[in-house]
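Chemist: Before I ask anything, here is the structure I am working with.
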Ligand code: CP
């Protein structure tokens, strides 16, 4: 099997088989990641570039480490330290990187659809590392891997996603991916942070956190995206924490063995209390490790496409 597209732009476009194929490869990569010698020759001779127009710790570093663990050349371009700050367009920046021989460009951009635009104008494979309010597919893949490792499968699990659904590309990618793999996803947010017609995506929508949490198998808190808040959508973080923040008492509504996830970075005391972050059921650290495994798998699968194409 091979991935159909040269790019990974979102989970909306992937088949169930492709998602399962990526996750199966990520499980193998995790074994390598956990072994004494993490260095593999999978990406020898390949060049991987991270092109980030927004800040990141987890996504950027895990892609860079994944590339280096698999013996490729890896370099980072950030908007503030590059000719982007002189006004160069995304397409021109992408073409410049392309002409230097990049095999994969990993793009994070504040505009929804930016990776799709770059993919059409680049020979390199493009991986979406988060585009505006659209998708963050590698985050959702690592979230799904984390749940599957503990629960065996996503089928029929009740997954409660709580928080700023409106601005969340993490929520959108998880909704596409998790519903494809058979989970029952429900969402809860303040009314102003819930997009209209959310039900059309196949999720159940609740206005209170209590309803969403009831008997949930998995609880995912989302970050309040202060950088994307338009004036008036959120009265204040204190009010948010009071009505939607996840604390030990609220979590009792979920199943006793419910897993706790958060994509990070966490605003402690707002989305989750410190006690929830550090709860034994919290998988936030596991998510970080799985992020490297998933990104190793994707870099491997996307750079193998030319081998597969020549073989056919
Ligand atoms: N979850 C996530 O995308 O984190 P970073 O912004 O640190 O990459």
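Chemist: Over all alpha-carbon pairs in the chain, figure out the percentage whose distance exceeds 27 Å.
Modeler: 41
Chemist: Evaluate Rg over Rh across the stretch 137-284, taking Cα atoms for both radii and Kirkwood's formula for Rh.
Modeler: Rg divided by Rh gives 0.92.
Chemist: Classify the stretch 234-290 as rounded, prolate or oblate, taking a ≥ b ≥ c as the square roots of the eigenvalues of its Cα gyration tensor: rounded when a/c is under 1.5, otherwise prolate if a/b is larger than b/c and oblate if not.
Modeler: oblate
Chemist: Give me the distance between the Cα centres of the stretch 142-189 and the stretch 87-112, rounded to whole Å.
Modeler: 30
Chemist: Now a separate question. Between helix 90-99 and the chain, what is the angle of the helix's C-alpha long axis to the longest principal axis, kept within 0 to 90° and rounded to the nearest 10?
Modeler: Between the helix axis and the principal axis of the chain, the angle is about 40 degrees.
Chemist: How tilted is helix 58-69 with respect to the longest principal axis of the chain? Cα atoms for both, answer in degrees (0 to 90, nearest 10).
Modeler: Roughly 40 degrees, rounded to the nearest 10.
Chemist: Could you state the angle between the C-alpha long axis of helix 16-34 and the longest principal axis of the C-alpha atoms of the chain, as a value from 0 to 90 degrees rounded to the nearest 10?
Modeler: Taking Cα atoms only, the helix is inclined about 80 degrees.
Chemist: Grab the DSSP H runs of the chain that are 4 residues or longer, score each as -39,500 (n - 2.57), total them, divide by all residues and round the 222 nm result to the nearest 500 deg cm²/dmol.
Modeler: Taking each H run of at least 4 residues, the total per residue is -12000 deg cm²/dmol.
Chemist: Which whole-number percent is the relative contact order of the stretch 137-284 (Cα, under 8 Å, 6+ apart)?
Modeler: 24
Where a number appears in this text, it was derived from the coordinates with a stated rule and is not lab data. Note that the coordinates shown come from a computational prediction; the quantities given were computed from them, not determined experimentally.
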